[in-house]
1. Residues that are closer than 30 Å to residue 242 by Cα, at pLDDT 90 or above, assigned to a helix (DSSP H, G or I) and in contact with a strand residue (DSSP E or B) (Cβ under 6 Å, 6 or more places away or on another chain): does the range 70-90 have at least one?
2. Return yes when residue 61 is modelled with pLDDT of 95 or more and surrounded by fewer than 20 Cβ atoms within 10 Å (Cβ to Cβ) and no when it is not.
3. Only one of 212, 186, 159 is touching a helix residue (DSSP H, G or I) at 6+ places or on another chain (Cβ under 9 Å), at pLDDT below 85 and either under 15 Å from residue 78 (Cα atoms) or loosely packed, with under 14 Cβ neighbours inside 10 Å (or both). Can you tell me which?
4. Inspect the range 98-109 for any residue being over 22 Å from residue 265 (Cα atoms), at pLDDT 95 or above and outside any strand (DSSP E or B) and give the result as yes or no.
5. Any residue at all in the range 31-54 that is buried (at least 17 other Cβ atoms within 10 Å of the Cβ), at pLDDT 85 or above and assigned to a helix (DSSP H, G or I)?
6. If I filter the range 189-209 down to residues being closer than 21 Å to residue 40 by Cα and either modelled with pLDDT of 85 or more or under 18 Å from the mean Cα position of the chain (by Cα) (or both), which single residue comes out as surrounded by the fewest Cβ atoms within 10 Å (Cβ to Cβ)?
7. Would you point out the residue of the range 64-98, among those that are more than 16 Å from residue 154 (Cβ to Cβ) and surrounded by 18 or more Cβ atoms within 10 Å (Cβ to Cβ), that is nearest to the chain's Cα centre (by Cα)?
8. Filter the range 112-124 down to residues that are outside any strand (DSSP E or B) and touching a helix residue (DSSP H, G or I) at 6+ places or on another chain (Cβ under 9 Å) and give me whichever is nearest to residue 134 (Cα to Cα).
């Protein structure tokens, strides 16, 4: 298996990695044979995975484009994985070439890949930190500089909170992030929902229960509660394809098939 120039020498290419599997679902090239094999096994149990992942990335793109057009040019992407194939800094800079981005992930493999991919980008930084220790995350110099008062910041929690268990108090973690965000900042959120496919929710959670990242799907009420202290941007909390689609006529008449609820809120 050929080692690519974005792969640090210490990385084990024979061990599947969730961030590289996500890249494979998106149709990217930053993955290896072990990742593709593991992804195919997951798809055998959950065939919609690639469609959901792509819908998730498409929502992120639309949200970043919307906020950049609204004048937000600082982005904190928590649980970022590997910034490939339509990443935040690429999307934001299509609107504002000055956009600054800090990617945060707890996975040292994803962080190592990310650091090498953006090594020549002075406006992008990568931090290894864990959302479940929000105080430590917020204390990192790169994050503190980004959240300095004066300019709004978009905090992205895209497909990450459902990997935080109820025992880890996810709503309190989001509130801690909210309180550190300057006025006018935005929360961009995507979360796996119980309501989308209730017939499959149990089996989906069982798949992830066998991994290092168990999945906690939540109700629409629980997901909407993450926006406490924010003003929801129209159309509110909706299914993945329904948030400001590029072509409203193309939205699936059954958007709940994507199983994810999303929203964007602004801090007054």
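1. The answer is yes; a qualifying residue exists.
2. yes
3. Result: 212 is the single residue among 212, 186, 159 that is touching a helix residue (DSSP H, G or I) at 6+ places or on another chain (Cβ under 9 Å), at pLDDT below 85 and either under 15 Å from residue 78 (Cα atoms) or loosely packed, with under 14 Cβ neighbours inside 10 Å (or both).
4. Yes: the range 98-109 contains one or more residues that are over 22 Å from residue 265 (Cα atoms), at pLDDT 95 or above and outside any strand (DSSP E or B).
5. For the range 31-54, residues buried (at least 17 other Cβ atoms within 10 Å of the Cβ), at pLDDT 85 or above and assigned to a helix (DSSP H, G or I): present.
6. 208
7. This residue is 81.
8. Selected residue: 114.
The values are calculated or read from the model by the stated rules, or taken from the named source; none is laboratory data. Quick caveat: nothing in here was measured; it's all calculated off a predicted structure. Neighbour counts run over all protein chains shown; Cβ positions are idealised from the backbone, glycine included.
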